[in-house]
Amino acid sequence: MSQIVDGFNRQVEYLRLSVTDRCDFRCVYCMSEDPEFLPREQVLSLEELSWVAQAFTELGVKKIRLTGGEPLVRTDCDQLVKLLGKLPGLEDLSMTTNGSRLSKLAKPLYDNGLSRLNISLDTLNPTLFTQLTRNGKLARVIAGIDAAIAAGFSKIKINAVILRGQNDHEVIDLVNFCRQRNLDIAFIEEMPLGVMDERKRSRHCSSAEVRQLIEQHYALVPSSKRTGGPAKYFKMADSNIHIGFISPHSNNFCHECNRVRVTVEGRLLLCLGNENSIDLKAIVRAFPADIERLKAAILSGIKFKPQSHHFDQEGVQILRFMNATGG
């Protein structure tokens, strides 16, 4: 079997596959308040998404995470999970979701083969939740988290983006929420994707600052937990949960990057912090039965994967928003 190895001898085993750029939230760090979404004909179909995923698994990818936008606004997402769950060689099929639709969909997703869930939750204050998401309802998300637990998911992680002066006072509340439900949690530094007025304020909160807030209440010790992603995990003496930190600004993890993204319009995005990409949709639609041609394009494109992103360089701004990027 061929393997995807970039020019810096990093083996790619992890694909983040975006199924839609649409979302029922408008989170302040993810998209503009009035976003423009892609016409549906520009979005990969269920069959095309499955075809792209098959090409990657035949090239040695062992882990696929479905992302958006919000993947569950796509009504056929559970059927995509069912298709991907049958791919030979795929060891881990997961999803990142805002949780708003899990009350209805958690059980069919679990039954169709989804193994893990990452659920975004940045605050436990209903008013602030609506402000940060611009329209979301906290109670609906918490009900979705509890539905996922009831459906049988044992591998659930909460993702929280901490913003200075907005929700940094809730770090311990979020940790305690996860302790009570036996959920892992990852704190994520905001990524500078897309131009938005809110980011003009100094709201960046580093992983080190978040860790200091936690250690005022709980001693953290390094954990050997590895998920194939960028998080560095810690544990507490009196709990089984893991606390992770994803630090694209303060602790660049590019040297061990093992992942690529395919956007909802079928572009192979080689780095979250760079604009270079390869158009896979053109190949899929021009040669719909030729998986060898698709695999050759992936192997050729991977040579352009950069050594590192540039989030830490002042003035560098990625113009695409997170919802158009895919998790």
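The values are calculated or read from the model by the stated rules, or taken from the named source; none is laboratory data. Nothing here was measured: the structure is a model prediction, and the numbers come from that model. Glycine gets a Cβ as well: all are built from the backbone with ideal geometry, and neighbour counts include every protein chain shown. Just the protein is used for accessible areas: all its heavy atoms, side chains included, with ligands, DNA and RNA removed. Shrake-Rupley method; radii C 1.70, N 1.55, O 1.52, S 1.80 Å.
Descriptive notes on the structure:
- Heavy-atom SASA rank of Ser223, Ser100 (probe 1.4 Å, accessible area, largest first): Ser223, Ser100
- Structure note, pairs Lys157/Lys232; Lys63/Lys235; Lys62/Lys155; Lys86/Lys225; Lys137/Lys232; Lys157/Lys225: Cα-Cα distances above 19 angstrom occur for Lys63/Lys235; Lys86/Lys225; Lys137/Lys232.
- Of all accessible heavy-atom area on the chain, the percent that carbon and sulfur account for (1.4 Å): 50
- Among Asp238, Asp78, Asp184, the residue with the largest mean-square fluctuation in a Gaussian network model of the chain, with springs joining Cα atoms closer than 10 Å, is Asp238.
- Overall form of segment 133-178 per C-alpha gyration tensor (a/c, 1.5; a/b vs b/c): oblate
- Cα long-axis angle, helix 138-151 against the chain (0 to 90 degrees, to the nearest 10): 70
- Beta bridges per DSSP with both ends in the chain, % antiparallel, nearest 5: 30
- Range of Cα positions in segment 80-131 per principal axis (Å), largest first: 45, 20, 12
- For the chain, the longest principal axis of the alpha carbon atoms and the long axis of helix 291-301 meet at an angle near 60°.
- Mean-square fluctuations from a GNM of the chain, with a 10 angstrom spring cutoff on Cα atoms, peak among Ala219, Ala186, Ala55 at Ala219.
- Principal axis extents of the Cα atoms in the chain, from largest to smallest and rounded to whole angstrom, are 56, 44, 42.
- Of all beta bridges that DSSP places with both ends in segment 78-206, some 5 percent have antiparallel geometry.
- Counting charges near Glu209 (Lys, Arg +1; Asp, Glu -1) among other residues having Cβ under 13 Å from its Cβ returns a value of -1.
- With a 1.4 Å probe rolled over the protein heavy atoms of all chains, the accessible area of Cys27, Cys178 falls in the order Cys27, Cys178, largest first.
- Percent RCO, i.e. relative contact order, over the chain, from Cα pairs under 8 Å lying at least 6 residues apart: 23
- Normalised by residue number, the volume inside the convex hull of the Cα atoms of segment 11-103 is 110 Å³ per residue.
- Exposure ranking of Tyr29, Tyr14, Tyr110 by accessible area [1.4 Å probe, largest first]: Tyr110, Tyr29, Tyr14
- Nearest 10 degrees, 0 to 90: helix 46-58 Cα axis against the chain principal axis: 90
- Annotation: per residue accessible area for the chain equals 43 Å², rounded to a whole number [probe 1.4 Å, protein chains only].
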